[in-house]
Amino acid sequence: MKSFLKRFIALRMVRSHKSRENAIDELEKRHFNKYHSNYNDSIYFAGLNKDGFSFVSRMAFRNGKHNENWLKISIPGEGVWGFENLELKEGENFKQGELKYCNIEPGELWEIEYQGLVYQGNKHYQIEMKLKWHSITPIADFDNVGTSYEQVAFQLATKKWNPRFFKKIREILKVHYEQAGNIIGTITWKRKKYDVQLRGFRDHSYGNRNWIDWGRNLWLIGMLNDGRFFNISIVDYDFIKNLKAGFLWNRREYHNIAFTPSFGSLKLIEPLPGHLSFNIKETENSAAIPINIDMKTFFPFTMDGVYHIRQAEASVEWGGIKGIGIAEMGINLRKYNVII
């Protein structure tokens, strides 16, 4: 009875949080909360092309800590160039140094620009990016799609409830949304201007974030060749494990993926593999669908010296349908013995 009651209460708590409706205009703004020392507004873009330029870029504006910034770009024939977490002057809206994301039309159109140096070991060159993001799916707001009420409630109910636990749970509640699009524009490299067309993915989240609390995570986002857009996510925190999410855009609407893997079911031989194979179920009554992820070009980052994130341009096979995406795996360096 006690277990049933805890699960019932947990489900009520989760449903209460999930009832929020966030206006697109409000979502697309930069957010700040001076009352929370770990408050973080993080915005991310990726552009992928199997045969050409690909990049990942992120900015995070943090209260009480140095801002974060990423730009890693794969250049045909020349490998990966970029930077991470430089001391860049903060500007208005989404701007750090010469890295700029400008919202032209909420939920529809963004500009991504950078003009400056990128690095590879001891070498550096000037690069200029002038890109436009155009949406091809609606925004997937995780307050309304992607997360199973029942799964989160089950995880909450298995833990010992005390004030510290609920404080930690409140800290990880944040607004988070994702979207697929196309990116077009130009990249100027070694005085030559290239026209580029990329498959684009983006996310934006705001709320508290403390990297030391993260144990490990898996984030898969991609587009299949038949036009479907997907997310599969798992996060282990110090205080709660296997928080999972997953959605599928079926070209008409979003729906939650009924079954996605946990870290235990992935049976990882090494913390950061280059290949993943697992099954999902799109609906409760559907057959299991095999998913294969092959990670190609890698984009590594280390956060606050404690959490290592390795993103990868990845090829995807979803029940025989091919696609492209980003495969991110993250691990806490204090808990896992890895060489980075």
For segment 50-97 the number of residues that are closer than 20 Å to Gln126 by Cα and loosely packed, with under 15 Cβ neighbours inside 10 Å is 6
Restricting to segment 106-145, count the residues that are open to solvent by 30 Å² or more (accessible area, probe 1.4 Å), under 17 Å from Ile184 (Cβ atoms) and out of contact with any Asp or Glu (no Cβ under 9 Å at 6 or more places or on another chain). 4
Considering only residues that are in contact with a strand residue (DSSP E or B) (Cβ under 8 Å, 6 or more places away or on another chain) and part of a loop (DSSP other than H, G, I, E, B), which ones fall in segment 291-311? Val306
If I filter segment 1-43 down to residues being at pLDDT 90 or above, part of a loop (DSSP other than H, G, I, E, B) and open to solvent by 80 Å² or more (accessible area, probe 1.4 Å), which single residue comes out as farthest from Trp161 (Cα to Cα)? Lys29
Test: residue in segment 266-280 that is without any contact (Cβ under 8 Å) to a residue 60 or more places away in the chain and among the hydroxyl-bearing types (Ser, Thr, Tyr): yes
For segment 312-325, state whether one or more residues are in a loop (DSSP other than H, G, I, E, B) and at pLDDT 95 or above. yes
Filter result (under 20 Å from Leu48 (Cα atoms) and either more than 22 Å from the chain's Cα centre (by Cα) or without any contact (Cβ under 8 Å) to a residue 24 or more places away in the chain (or both)) within segment 103-118: Glu111, Glu113, Gln115, Val118
Filtering segment 44-95 down to residues that are in contact (Cβ under 8 Å) with a residue 60 or more places away in the chain, under 16 Å from Ile183 (Cβ atoms) and assigned to a loop (DSSP other than H, G, I, E, B) yields Asn49, Lys50, Gly52, Phe53
Just need a number here: residues in segment 234-261 that are open to solvent by less than 30 Å² (accessible area, probe 1.4 Å) and not in a strand (DSSP E or B). 6
Considering only residues that are within 18 Å of the chain's Cα centre (by Cα) and either in a strand (DSSP E or B) or under 16 Å from Phe230 (Cβ atoms) (or both), which ones fall in segment 265-290? Leu276
Cβ-Cβ under 7 Å pairs, at least 6 apart or on other chains, segment 21-36 side acidic (Asp, Glu), far side modelled with pLDDT of 90 or more: Asp25/Pro106; Glu28/Asn103; Glu28/Pro106; Glu28/Gly107
Scan segment 218-233 for residues that are farther than 16 Å from Lys322 by Cβ, open to solvent by less than 10 Å² (accessible area, probe 1.4 Å) and out of contact with any Phe, Trp or Tyr (no Cβ under 6 Å at 6 or more places or on another chain) and report the count. 2
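The values are calculated or read from the model by the stated rules, or taken from the named source; none is laboratory data. Please read all numbers here as calculations on a predicted model, not as lab measurements. Here Cβ is always computed from backbone atoms with ideal geometry, including for glycine, and neighbour counts include all displayed protein chains. With ligands, DNA and RNA removed, areas are computed over all heavy atoms of the protein, side chains included. Shrake-Rupley method; radii C 1.70, N 1.55, O 1.52, S 1.80 Å.
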